[in-house]
Structures are given as structure tokens and as C-alpha cells.
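The structure under discussion appears below in the form of C-alpha cells.
The values are calculated or read from the model by the stated rules, or taken from the named source; none is laboratory data. Note that the structure is predicted; figures quoted are calculated from it, not measured. Note that each Cβ is placed from the backbone with ideal geometry, even for glycine, and that neighbours are counted across all protein chains shown. Ligands, DNA and RNA are excluded from the accessible area calculation, which covers all protein heavy atoms including side chains. Shrake-Rupley method; radii C 1.70, N 1.55, O 1.52, S 1.80 Å.
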Amino acid sequence: MEDCIFCKIANHVIESNYAYEDELISAFYDLEPQAPVHVLIVPKKHIGSLDETQEEDSALLAHIMLKIKEIAAKEGLEKGYRVVINTGEDGGQSVHHLHFHLLGKRAMNWPPG
Ligand code: AMP
């Protein structure tokens, strides 16, 4: 996707501050962190949102979840963390490329805003 900012970051067309990368996914620090640790994890393949995932994305989604656990450990989030996938308008999604927010190093509130 030519105009997708997260495609550009994930494929190094635009450089970012990366926390992790492999052939399937990229993780980089959020520009406007909402917690002391705020990492965005995105697939390199363009998928608009969680709502646009398909059966064929099952292995990719499982890979992301398992890597989030590793990134959380690398970031020192042994006390816990929150993973958020804002989806669509009501979900508060502002970038139309599937991404997982990994938030940590502070206590989270419930219910979320
Ligand atoms: P969402 O509102 O769930 O779509 O989240 C989008 C997130 O991307 C927000 O937390 C933004 O701060 C973050 N963001 C937008 N552009 C960039 C960028 N170029 N580099 C890093 N984070 C970004």
C-alpha cells in the first residue's frame, strides 16, 4: 500500500525506532507514547484492520501474539502489560494498517476510555 505509513515503516521506506523485526512483522516505538513503554507491532503485509483479517492470516496472527510476549520480556514488562487492537471508527483506530499496541511500565485502568 503506497500511502500507508505503517507499510512504509515496516518496509524501511521510512525509518523508525525499532524494537523488533523479522521477516513477517515489525515493532517500533509509538510517536506519542501513552505509557512509559509503548510499542506498535505490525505485520509487514498490509492488512487494514483486525476486521479485515482472513483465515489465511491465522499463522501470522499467532506469530504476532507470541512475539509480543517476547518483546514484553525484552522491554522488562515482568509486572504485566496491556495489548490493544483499536478497530474501526468506534474502536478509535486512526491508522488503517493492523497494529497491536503493547503498553507497559504503568498500572492500567479498567474500563478503558
Ligand atoms: P490507532 O489510533 O490505534 O490507529 O493507533 C495509531 C498509533 O500510531 C497512535 O498511537 C499514534 O501515536 C501512532 N503513530 C502514528 N504515526 C506514527 C509514526 N509515524 N511512528 C510511530 N507511531 C505512529
Complete set of residues in segment 1-34 that are closer than 20 Å to residue 87 by Cα, assigned to a loop (DSSP other than H, G, I, E, B) and of a type outside the set (Asp, Glu): 1, 4, 31, 33, 34
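Does residue 72 satisfy the condition of being in contact with an Asp or Glu (Cβ under 9 Å, 6 or more places away or on another chain), open to solvent by less than 50 Å² (accessible area, probe 1.4 Å) and not basic (Lys, Arg)? Can you show your working first?
Numbers: in contact with an Asp or Glu (Cβ under 9 Å, 6 or more places away or on another chain): yes; open to solvent by less than 50 Å² (accessible area, probe 1.4 Å): yes; not basic (Lys, Arg): yes.
So residue 72 fits the description; yes.
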Checklist (1) touching a residue at least 40 places away in the same chain (Cβ under 8 Å); (2) farther than 20 Å from residue 76 by Cα; (3) crowded, with 17+ Cβ neighbours inside 10 Å applied to residue 9, failing item: (1)
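Of the residues that sit in segment 27-41 and are open to solvent by less than 70 Å² (accessible area, probe 1.4 Å) and in contact with a Ser or Thr (Cβ under 8 Å, 6 or more places away or on another chain), which one is farthest from the ligand (Cβ to nearest atom)? Show your work before the answer.
Going residue by residue through segment 27-41, those that are open to solvent by less than 70 Å² (accessible area, probe 1.4 Å) are 27-28, 30, 35, 37-41.
This time we only want the ones that are in contact with a Ser or Thr (Cβ under 8 Å, 6 or more places away or on another chain), so: 28, 41.
On the way: 28: 6, 41: 11 Å.
Filtering first and then ranking leaves 41.
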Filter segment 98-109 for residues that are open to solvent by 10 Å² or more (accessible area, probe 1.4 Å) and more than 14 Å from the ligand (Cβ to nearest atom); which is nearest to residue 18 (Cα to Cα)? 105
Applying the selection to segment 65-107, what residues are part of a helix (DSSP H, G or I), among the aliphatic types (A, V, I, L, M) and over 13 Å from the mean Cα position of the chain (by Cα)? 73
Segment 43-80, subset among the polar types (S, T, N, Q) and free of Cβ contacts under 8 Å to residues at least 40 places away in the same chain, residue farthest from residue 21 (Cα to Cα): 54
Determine whether residue 95 is within 16 Å of the ligand (Cβ to nearest atom), touching a residue at least 60 places away in the same chain (Cβ under 8 Å), within 16 Å of residue 6 (Cβ to Cβ) and surrounded by fewer than 19 Cβ atoms within 10 Å (Cβ to Cβ). yes
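What do you reckon, is residue 54 away from the ligand (no atom under 15 Å from the Cβ) and modelled with pLDDT of 95 or more? First the steps, then the outcome.
Numbers: away from the ligand (no atom under 15 Å from the Cβ): yes; modelled with pLDDT of 95 or more: yes.
Considered against the rule, which asks whether it is away from the ligand (no atom under 15 Å from the Cβ) and modelled with pLDDT of 95 or more, residue 54 comes out as yes.
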